Amino acid sequence: MFALMNREEGAALHATAVRRRLFVGAHILMTVASVVCWNVVVFGGRQVWALVATLALLLPWCFVTGVLNSATRGLLELRGRVLDERQLADRDRARARAHRLTSGLLLAAALGVGAAGWIGDVQVEGLIAPVLTAVLVAHWLMPLWVAGLMVRDEPSDLSEGNEGPVGS
């Protein structure tokens, strides 16, 4: 698994911070679209178009997930025993930041559902399952999104005329 996560073939896809941000943004948009469509299929009117859209988004979503896993070098997918100290610290930092973001999202969801029921005269029972599904998916993927945004660029190659510091 370590060798798979550290392959160089797709490195150009995530070589710069701008590209990584684009892939994280695309992953978030595809995830939101998939969750909305899934909620329509399961909790809505069982619309066929929503099921087709969910299935159509699956392959590109998996591809972008692979790019993000490659960009983070499997930081969240590999076991701790194959990561070095810096990678373990990066993983802990990404998980802690994702936990804080997800906590805020949970608070916003709880307040939103409560406000919809209190002010908007909406049946809260109909909102709870779709909102919980959306928050669960965000909780599951937030560490990947945060890690994808936190990845630093690879150091430039020293073989391009630079031999490093003088006297080395």
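Brief remarks on what is shown
- Pair list, Cβ < 7 Å and 6+ apart or interchain, from the stretch 55-69 residues that are in contact (Cβ under 8 Å) with a residue 12 or more places away in the chain to residues that are assigned to a helix (DSSP H, G or I) and open to solvent by 50 Å² or more (accessible area, probe 1.4 Å): VAL67/LEU13
- Restricting the stretch 102-129 to residues that are exposed (fewer than 11 other Cβ atoms within 10 Å of the Cβ) and in a helix (DSSP H, G or I), the residue that is nearest to the chain's Cα centre (by Cα) is GLY104.
- Selection status of VAL151, at pLDDT below 90, under 18 Å from ARG73 (Cα atoms), of a type in the set (A, V, I, L, M) and surrounded by 10 or more Cβ atoms within 10 Å (Cβ to Cβ): yes
- Test set (1) in a helix (DSSP H, G or I); (2) open to solvent by 20 Å² or more (accessible area, probe 1.4 Å); (3) of a type in the set (D, E, K, R) - GLU77 fails condition number: (1)
- Positions within the stretch 54-74 being in a helix (DSSP H, G or I), among the small types (Gly, Ala, Ser) and at pLDDT below 95, in sequence order: GLY66, SER70, ALA71
- Test result for LEU22, open to solvent by less than 90 Å² (accessible area, probe 1.4 Å), closer than 20 Å to MET142 by Cα and either free of Cβ contacts under 8 Å to residues at least 24 places away in the same chain or not β-branched (Val, Ile, Thr) (or both): no
The values are calculated or read from the model by the stated rules, or taken from the named source; none is laboratory data. Since this is a predicted model, take the numbers as computed values, not measurements. Note: ideal-geometry Cβ built from the backbone for every residue, glycine included; neighbour counts use all protein chains shown. Protein only, heavy atoms only, side chains kept; ligands, DNA and RNA dropped before computing areas. Shrake-Rupley method; radii C 1.70, N 1.55, O 1.52, S 1.80 Å.
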